[in-house]
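Take a look at the structure set out below.
The values are calculated or read from the model by the stated rules, or taken from the named source; none is laboratory data. Note that the structure is predicted; figures quoted are calculated from it, not measured. No Cβ is skipped: glycine too gets one built from the backbone with ideal geometry, and neighbour counts run over all protein chains shown.
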Amino acid sequence: MDETQRSMLYDLLFDFGIEGVIITDQRGVIEIANDRAADIFGYSKAEFIGLNVDQLVPMNKRLGHSGLREGYAENPHKRRMGVGSNLSGARKDGIEVPVEVSLNYFKSGDGVKVLALIMDVTVRREQAERIQKFNRELEQKVELRTRDLKASQQLYQVIARNYPNGTINVFDRSFRYIFAEGEEMYKSGITSEWLVGKNYLDRVPKEVRLQIKDHLASVLDGKNATFEIEFDNQFYLINTVGLADDSGEIDRILLVEQNITQRKEAEVKLEKALEKEINLNELKSRFVSMASHEFRTPLSTVLSSMSLLEKYDALGANEKKGKHYERIRNSVRQLTNILNDFLSLEKVEEGKINIQPTQVDLPEMMVDIVDEHNQMAKEGQQIVLDCNCDSEFFTDQNMLRIVVSNLLSNAIKYSPEGVTINITSFTSNDQLTIKVEDKGIGIPADEQEHLFERFFRARNAVNIEGTGLGLNIVSRYLQHLNGNITFVSDPDVGTTFTVSLPMHVKQ
């Protein structure tokens with residue numbers, strides 16, 4: 001090949017090669033370049049010649065590249081860049097293009113020249129990324145397939161490691177552990193390895209052992225079993241199923257055990273909330289019924305008496321006014337008692353009872369209560385007080401006063417005219433006892449168990465004013481005072497209530 005042919009061949013390789021070719025001076029100015037080099041970086045060839053190679057480097061790396069270029073000019077050597085790394089060049093439009101660069105140098109009359117062969121590896125890198133993505137997807141599919149193959153085994157079809165709040169166990173026909181996993185097991189510090197080979201029945205409490213053994217025996221006979229057990233204040237739901245071998249014979253037992261204590265507690269709370277809601281609805285219903293009845297009578301009395309008083313004023317009949325003033329006072333007192341009952345009940349229901357013990361002069365308080373109720377007594381009724389008790393008494397005076405007042409008010413209300421009502425109090429062994437005895441209508445024997453329930457009215461008392469709340473409030477107040485109340489009653493003979501409570505109540 002002569003010199004002319006060799007020159008033509010070099011020109012072909014330079015102009016039509018797949019690599020870009022750039023020749024620069026020591027300052028990095030492009031002196032010679034082929035069309036491919038200009039095309040890689042998005043320039044026309046005329047624009048490309050005369051550029052500094054620093055302009056072909058991305059902006060964020062350009063400053064560092066200038067120093068590298070100057071260092072190479074001082075110590076030129078053969079070098080490849082970008083192979084196996086993410087080397088990028090900057091196009092005219094600012095878009096980065098992945099490249100690989102081979103550097104070399106040669107000397108000419110005007111100094112050292114740098115030769116750069118540039119390969120646009122965009123397609124290759126995209127192919128590599130696609131291959132990597134394909135490999136990742138393939139690895140994922142292999143991993144999933146491997147997992148599916150493991151899960152397809154009979155043992156792992158039903159076993160989930162880290163089973164929440166329970167354990168998953170597999171036993172042989174002798175109830176010895178083959179496998180055990182689950183959160184509940186690890187909470188107790190037991191490992192699967194420790195359990196394998198041990199008998200399951202040896203680990204369950206004696207009180208439920210026979211029950212569980214019977215269920216497991218039925219599973220070996222081909223029956224599934226689901227049941228609950230309770231021990232150590234914990235509740236467990238157990239599901240069991242037989243596992244058959246290739247011949248179809250059951251040779252293992254799968255037992256899934258779940259601690260359902262929290263669920264049981266939630267069910268109890270839900271039941272209590274539901275019961276409370278039902279009671280509240282019943283309370284509202286009874287209140288409407290009671291209020292419409294109990295409020296109507298005293299209000300009607302007040303209205304009628306006021307009307308008569310107006311007439312008496314017009315007639316000047318002053319002697320008849322006193323009777324109606326008394327009727328108004330009694331009606332207002334009745335309404336006040338009803339409202340007080342509801343206020344007391346509300347405090348109890350809302351848990352707003354705050355015991356405030358103080359030094360109580362019991363004889364003085366009892367006399368005061370009797371004097372107050374003498375004004376409410378029916379014609380001919382007498383209240384006889386026998387107070388043989390110490391004045392040194394420490395309790396919540398307001399609550400005790402409500403208790404005694406309720407009992408005495410009931411005695412007056414349910415007793416006929418002209419009878420004696422006895423109220424007795426005495427102390428013994430640091431206990432105060434108060435008895436209220438009436439000669440009233442009594443309480444039917446078959447209804448006595450309901451006496452302290454809210455809104456209870458005995459059938460022989462439906463025509464007598466009352467809310468049915470007083471004795472309920474009395475019993476609940478006495479609970480707060482660490483006391484109790486009992487009674488003895490005979491229909492048409494009378495009732496005696498006995499209250500007992502400590503002489504000193506703590507706050």
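Miscellaneous remarks
- Selection within the stretch 150-197 - at pLDDT 80 or above, assigned to a helix (DSSP H, G or I) and of a type in the set (F, W, Y): W194
- For the stretch 198-228, a tally of residues being at pLDDT 90 or above and under 16 Å from N165 (Cα atoms) returns 0.
- Search result, residues across the stretch 35-71 that are under 17 Å from I22 (Cα atoms) and in a loop (DSSP other than H, G, I, E, B): F41, G42, Y43, S44, I49, G50, L51, V57
- Screening the stretch 74-98 for residues that are in contact (Cβ under 8 Å) with a residue 40 or more places away in the chain and touching a Phe, Trp or Tyr at 6+ places or on another chain (Cβ under 9 Å) and picking the one that is farthest from L51 (Cα to Cα) gives V97.
- Where N472 falls short, out of the listed (1) at pLDDT 90 or above; (2) more than 20 Å from H504 (Cα to Cα); (3) not charged (D, E, K, R): (1)
- Residue in the stretch 415-424 that is surrounded by 17 or more Cβ atoms within 10 Å (Cβ to Cβ), assigned by TED's automatic domain parsing to the domain that holds T358 and touching a Cys at 6+ places or on another chain (Cβ under 9 Å) present: yes
- Scanning the stretch 455-463 turns up no residue that is assigned by TED's automatic domain parsing to the domain that holds F394, within 22 Å of V370 (Cβ to Cβ), buried (at least 16 other Cβ atoms within 10 Å of the Cβ) and at pLDDT below 90.
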